[in-house]
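Inspection log for the structure reproduced underneath, given as structure tokens.
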Amino acid sequence: MTQASAKENQTRGINRTICIGLGGTGRDVLMRIRRLIVDRYGDLNNLPIVSFVHIDTDKAATQVTGIRTGSTYHGVDLSFKEAEKVGATMSSRDVTRFVEELERSSEYSNYGPYEHIRRWFPPQLLQNIPAVEEGAKGIRPVGRLAFFHNYRKIQAAIESAEKRTKGHESLLLQSGLIIEPGLNIFVVGSLCGGTGSGMFLDVGYTLKNLYGEDGAQILGYLVISPELYGNTTSMIANTYAALQELNYYSSPGTKFEALYDTQNVVSVVEKRPPFNYTYLISNEATAEYSILTQGKLCNVIAHKIALEFSGELAASVKRNRDNLQEHITKYDDHPRRNSQNYLTFGLSAIYFPRDTIIEIALTKVGLELVRFWLNGKGQSPDPINLLEQFLIQYSWHNDLGKRDGLTNKLAESVEESNKTFSNSLKTWQNKLSRLIAECRNKDDRSNIRQQLATEFYKQFRTVQPGETESSRGYWLTKLIQATPKITKELNGNIDDYVMQLLTPVDPNFSIKNTRNWLDSLRHELHKYQGDLQEKITDFGGMKRLEDVERKWDNAEKTIEDMENKIGIPFVDFKNIPFQEECKKVMQEVYKIIKHNFELTVLQETLKIVNQLQKQVQEKEKRIAAFSSLVEDLESAYEKEERELKQLNFAEMSGEAIFDTEDIELCYQTMIPENDSRPQLILASSELTEETDRGASLGFFLNMERTTYSQLKEKIDLKVNTLFAFRGRNIVTSVIKRFMQKYSLSARSIRLKQIIQESQPLLRLDLEDRYFVPDKGKSSKLIGYKDTEELEVAQFKSLLTQDLSVQQSDLQEVQADDEILFVNEYGGFPLRLIIGLGKMRNPYLKEKNSGKSFLHNDYRISFPDIMPPNAGKMEEVENIFYPCLALELLAENHDTQELEFQYYDHFQNSYDTVSLSGIWIESLEYLASNPNMTEALKQILDNTILEIENNPTLWENEYLPKLRQFPDKLTRISEDNPNSLYKTRVYTDTRNTNDNTKEGVINRFLKKMEAKFRNTNPLPRNNTGTQKAIVGEIVSNSPLDNIDNRSRRRQELEQLKQDLNEGFMTSEEYEREKQRIFLQYPL
């Protein structure tokens, strides 16, 4: 949204950064980050210390941007380069090989090639693995399998991205940026599908393995809103399962293990969480505000990540997050200690939507450009004038009155010995005329008669009609042979003039003018065709040799008659009549020869005209199609402009604030009114130069299958490249616009709403009694340009006085075209997420169906995110830990499990119950199994009863065990999962203050000491002296004298609460209710 601050006098620090996007969501966020970099710095290359890697199981996903504005922004191509994208795919052949190898891995004596995957991959899924080329199909283990299969590619891409961030100190210093030590890596994706959800943990731990020891900060931004992706049961289940695994590996006492590359032995063994900071993002900020589209949420995330490395608030954001560190490393106060290693954020803005305004202005430019193509700019010549200009320019007619240029062109195009037919025939005629004129006597006449007969035949032979070249006169053959050449030349003239009229710099440029000219030319050719046909008819057909012979025979007869007349002796008066007769017949033959030639010229010219008509028709057809295409483009741009103006500008939380005048100003900045034609010519020429064919739009006519979308894509790309940057410097003070837009009474209301929209995008139950909502867990930041202007002072007063914003939350920035509101909250357990209980039911349904594969390691039983009810857990703690301290639970050293026996009256047998050696797992098991809890409680109660009956047992046996128990606790190592609960079990009062809550054993010891201090032994009787079997239900025990009604009520209330919170289904509720009725009869 904001402009580059390179011109600021002060420098600021910036870290090398890698942004890694997983799946479609990761791609969409990365594309928006790239767009923000272009918006701020002008080009991706101007911030080279930020590099990108997109990993996807859909090989086609990297070819699209996922953003409305497309792959080009401000003339910059946002598309990922080859080095920036990883297709984590598996072909059908790869999958088949993998399955076959696993199925026969038992044949390997030591280690199969896929044993490192077999360890965790669900064996039931082997027969149903799809080819991983169009996504992971929402199957998380398939997404993880794709990561393992493509690990080397992924590692290489990440390492290459890290290298690309190095060596730019000098370049960035010129822009006022100082590269600070350290590397930031952002991983962003959704946990709802199969790709991001399947590989996010492996990506995090791979990064920790590569760069964790070097101090790199690895941040995960994970979307957990199935509602934005279809809200199917599988998506909800995937999200819950992914959170379960994240929570598991973020908890103490757990260890992530993976072997990624068997050849190079790349393995990871890590006890820490996968990310230094894990942001969880949903689409809901408050009950009143939620983000309804995936694109908008991706936009908000992109702005937040961009703040970390390129915004003026970067230092403040990092400082506030660092202050959260102490909170995210602590655990909550729930009996099951829950990791609070999570953060969330919210971001809203009052901003000038420059990118959208530029987009509308660019659409107007595109519209103006296609209108320029259609109608030109200010020129509308008469089509007749264009036609006459063409006819003269290409010498179709030298005399526009006669318009006989085409016949002359054809006639003059044929030659013999460098002479045209007309010249050759005239030479022949002159030769014969001289021969006749030289006649003196009878001998001459005899010779001339012989020569004329021969010459007539010979000359006619040159124009003799015939079907083949051997029978046809060579002049006619030459004409026929010249016709295609002339046709081609004239067609070329038409093509050239079309190209000329479609050349933007031509004064007569436009599609409309071209079509009008073609229409005039078509009419001209049609008239010419009619004239030729009429002349051909008048000629009456071709002359034959017989016609010449007839003429000569007649002349011969006349001459013979003259020769036979008796003349005057010694006077030869026959020469003159002879010469006259010869000249007469020669003229007649001359006309016959000329007739055939001229008729053939007319016939061949008619053929040429017919071809020209076809050419014109084809051109008209092509240009009509192109015109229709451009007209469609015009309509599309008009529609696009309307829709953009009506578009909901809320691509961000907050408010886009602008005026319609801003669009016109931006447009005028791109194409000033007094310079519009040269700019439109520039854009048009650039588009044609793209093809290396010149600067005429006519070449679009010859491009095969040019489609509407292809042409629009070309136009948009070139217009974006040429003009987008011109609108980049439009700056508007949003504070002034905001104060002008809203009345005095409405300002604080609207500002309060915008601040509400910046609340963290994850609804949390912060009223939970076992959670401490420390104020230090929340950070707020408002960035705006503070000046001495009246509107700014009033705006600041709105914040601090009307809305009670703390002065410390305000941060001054240089950009005045946006006001940012940023909230972060960190240090909370997943169980506080409102709505998580609703996710749990679909998860359990899918998990229990046996048809879904939700978890990425089938060997591990991942603890539920939602712990049992705290009250129930505390009840169990007060039973379990005393039994543990009193050694009523026996430790099985082979299995490391805790065991106890109880007597089952219904089965009439003793059963051994095994509990996990990890205390919290045992507590959860007991809390969800009331029968086992009751059996363990009876063991404790019976032991207490035994002590009551024999008080010496307290001092001699059980009290020493309780006193020795704290020493056992101190011997538990820090990496033992039970270490987390030591202070909850026992509190050393010597090292704690008065506010420290007593441990379970402390309270139990006090209770027992109070009970058995100075207590006389109970009178012994047959029942009292009988030692109870451990776990046996003793019917007349004093502890059984409890009001069944109150106990039934207590358990039913707890059961109802579990149902309301989504911890059980209705069927489970009814079943448990019947059990309570049976257990506590009235």
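Just so you know, all these numbers are worked out from the coordinates, no wet-lab data involved. What you see is a predicted model, and the numbers here were worked out from it, not measured in a lab. Don't worry about glycine lacking a Cβ; one is built from the backbone with ideal geometry, like all the others, and counts go over all protein chains shown.
By how many nm would the segment from Lys1073 to Leu173 lengthen if fully extended, with 0.36 nm per residue of separation less the alpha-carbon distance? It would help to have the intermediate numbers written out before the result.
Working: separation 900, 0.36 × 900 = 324.00 nm, distance 7.10 nm.
Here the answer is 316.9 nm.
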For region 415-487, what does the alpha-carbon gyration tensor say about shape, rounded, prolate or oblate, given a ≥ b ≥ c as the root eigenvalues, a/c under 1.5 as rounded, and a/b over b/c as prolate?
oblate
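What pairs from Lys752/Lys838; Lys937/Lys1056; Lys304/Lys851; Lys527/Lys621 go past 27 Å between their alpha carbons?
Values: Lys752/Lys838 31 Å; Lys937/Lys1056 23 Å; Lys304/Lys851 38 Å; Lys527/Lys621 20 Å.
Result: Lys752/Lys838; Lys304/Lys851 exceed 27 Å.
Determine the alpha carbon to alpha carbon distance for each of Lys255/Lys961; Lys419/Lys535; Lys614/Lys718 and list only those over 31 Å.
Values: Lys255/Lys961 33 Å; Lys419/Lys535 26 Å; Lys614/Lys718 35 Å.
Those over the limit are Lys255/Lys961; Lys614/Lys718.
Please give the calculated 222 nm ellipticity per residue for the chain, where each DSSP H segment of at least 4 residues contributes -39500 (n - 2.57) and the sum is spread over every residue; nearest 500 deg cm²/dmol?
Details: 36 runs with 548 residues, N = 1082.
Rounded to the nearest 500, the figure is -16500 deg cm²/dmol.
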Put a dot 7 Å past each Cα toward the Cβ at Ala793 and Val64; how far apart are the dots in nm?
5.4
Region 869-936: chymotrypsin sites (Phe, Trp or Tyr not before Pro) in DSSP loop, at most 10 other beta carbons within 10 Å:
Phe906
Over all directions, the average projected area of the alpha-carbon convex hull for region 12-311 comes to how many nm²?
16.8
To test your reading of the geometry: what angle, between 0 and 90 degrees and rounded to tens, separates the Cα axis of helix 294-309 from the longest principal axis of the chain?
80
Between Lys838 and Thr983, how many nm apart are label points set 7 Å from Cα along the C-beta direction?
3.6
Within 10 Å, Cβ to Cβ, of Ala241, how many net charges do the neighbouring residues add up to if Lys/Arg are +1 and Asp/Glu are -1?
0
What residue among Gly783, Ala793, Phe828 has its Cα farthest toward the positive end of the dipole of region 754-832, where the charges are +1 on Lys, Arg and -1 on Asp, Glu, each on the Cβ?
Phe828
Quick P(r) readout (region 718-873; Cα-Cα; 5 Å bins; whole %) gives 1, 7, 12, 13, 11, 10, 9, 9, 8, 8, 7, 4, 1, 0
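Rounding to the nearest 20 debye, state how big the charge dipole of region 878-931 is about its Cα centre with +1 on each Lys and Arg Cβ and -1 on each Asp and Glu Cβ. Could you put the intermediate results ahead of the total?
Working: 0 positive and 9 negative charges, 36 e Å.
Once rounded to the nearest 20, the dipole reads 180 debye.
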Just name one of Leu362, Ser928, Met199: the one whose Cα is farthest towards the positive end of the charge dipole of the chain (beta-carbon charges, Lys/Arg +1, Asp/Glu -1).
Leu362
Putting +1 on Lys and Arg Cβ atoms and -1 on Asp and Glu Cβ atoms, find which of Gln450, Pro504, Asn493 reaches farthest to the positive end of the dipole of region 444-535.
Gln450
What distance in nm separates the two pseudo spin-label positions at Leu545 and Ser267, each 7 Å out from Cα along the beta-carbon direction?
10.6
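Do me a favour and compute the ellipsoid semi-axes for region 922-979 from its Cα gyration tensor, root of five times each eigenvalue, largest one first, whole Å.
Details: eigenvalues 126, 96, 3 Å².
Ellipsoid semi-axes (Å, largest first): 25, 22, 4.
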Within the set of other residues whose C-beta is less than 10 Å from the C-beta of Phe345, count the net charge using Lys and Arg as +1 and Asp and Glu as -1.
+1
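How big is the dipole moment of the chain about its Cα centre under a simple scheme where the beta carbon of each Lys and Arg is +1, that of each Asp and Glu is -1, and everything else is neutral? Debye, nearest 20, please. Mind dumping the intermediate values first?
Details: 135 positive and 155 negative charges, 302 e Å.
Charge dipole of the chain: 1460 debye, to the nearest 20.
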The local net charge around Asp496, scoring Lys/Arg +1 and Asp/Glu -1 for residues other than Asp496 whose Cβ lies under 13 Å from its Cβ, equals -1
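Relative contact order for the chain using alpha-carbon pairs under 8 Å, separation at least 6, rounded to a whole percent?
Numbers: 1589 pairs, mean separation 158.9, N = 1082.
This gives 15 percent for the chain.
Please report, to one decimal in angstroms, the Kirkwood hydrodynamic radius of region 754-832 built from all distinct Cα-Cα pairs. Don't skip to the end; give the middle numbers.
On the way: mean 1/r = 0.0695 Å⁻¹.
Result for region 754-832 stands at 14.4 Å.
Give the whole-number value, in cubic angstrom per residue, of the convex hull volume spanned by the C-alpha atoms of the chain.
Values: hull volume 300.3 nm³, N = 1082.
Roughly 278 Å³ of hull volume per residue.
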Between Glu1053 and Lys1006, what's the calculated FRET efficiency when r is the beta-carbon distance and R0 is 25 Å? Round to 0.05.
0.35
